[in-house]
Amino acid sequence: RKLRAQRLPFAMSMVQLELDEKDKESFSEMQQGMNQARQELAMVDGNMRKVATERREAELILAELSGMGPDTAAYKQCGKMFIQSPIDQLKGSLTTKAERCQKDHDALSEKRKHVTEAAGKLQEDFQAFIKEHLYTQEKS
């Protein structure tokens, strides 16, 4: 059974698509795939921002600590408490954290690249599907 007057938003205007049941299922799957790709991209972007913020924070604290001598009393927060720790140990843990955050950011950048490529491919397939099923007056 063919449906002729299926109306869908497309570039701020309405278009008519001619879809049978199989095409409707394919259309729905494509929409779901595009939505999943958008959600994954948003998640990756959020994680990238979080990791970048953590790295900047570690680097700023490390920069403040670098001007202090090894005999300076330093405290590390542990929940609501502060525990005195050797400043060299704090510097080492902050350096490690900054390096780990940089690696995580690089991995997320690579993942974002792949997700963006996949989303672009889905968008191209969706556009091709739309063009293939456009209803024109000449068909009637």
Yes/no for Val51 being within 30 Å of the chain's Cα centre (by Cα), closer than 30 Å to Gln127 by Cα and surrounded by 13 or more Cβ atoms within 10 Å (Cβ to Cβ): no
Every pair of residues 6+ apart whose Cβ atoms lie under 9 Å, when the first sits in the range 59-84 and is free of Cβ contacts under 8 Å to residues at least 60 places away in the same chain while the second is open to solvent by 80 Å² or more (accessible area, probe 1.4 Å) and of a type in the set (Ser, Thr, Tyr): Phe82/Tyr75; Ile83/Tyr75; Gln84/Tyr75
Residue in the range 102-114 that is farther than 30 Å from Glu29 by Cα, modelled with pLDDT of 90 or more and open to solvent by less than 50 Å² (accessible area, probe 1.4 Å) present: yes
Those residues of the range 55-87 which are open to solvent by 60 Å² or more (accessible area, probe 1.4 Å) and either in a strand (DSSP E or B) or in contact with a Pro (Cβ under 6 Å, 6 or more places away or on another chain) (or both), in sequence order: Tyr75, Lys76, Gln77, Cys78, Met81, Phe82, Ile83, Gln84
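The values are calculated or read from the model by the stated rules, or taken from the named source; none is laboratory data. All values derive from a computational prediction rather than experimental measurement. Virtual Cβ from ideal backbone geometry, glycine too; neighbours counted across all protein chains shown. To get the accessible areas, we keep the full protein, side chains included, count just its heavy atoms, and leave off ligands, DNA and RNA. Shrake-Rupley method; radii C 1.70, N 1.55, O 1.52, S 1.80 Å.
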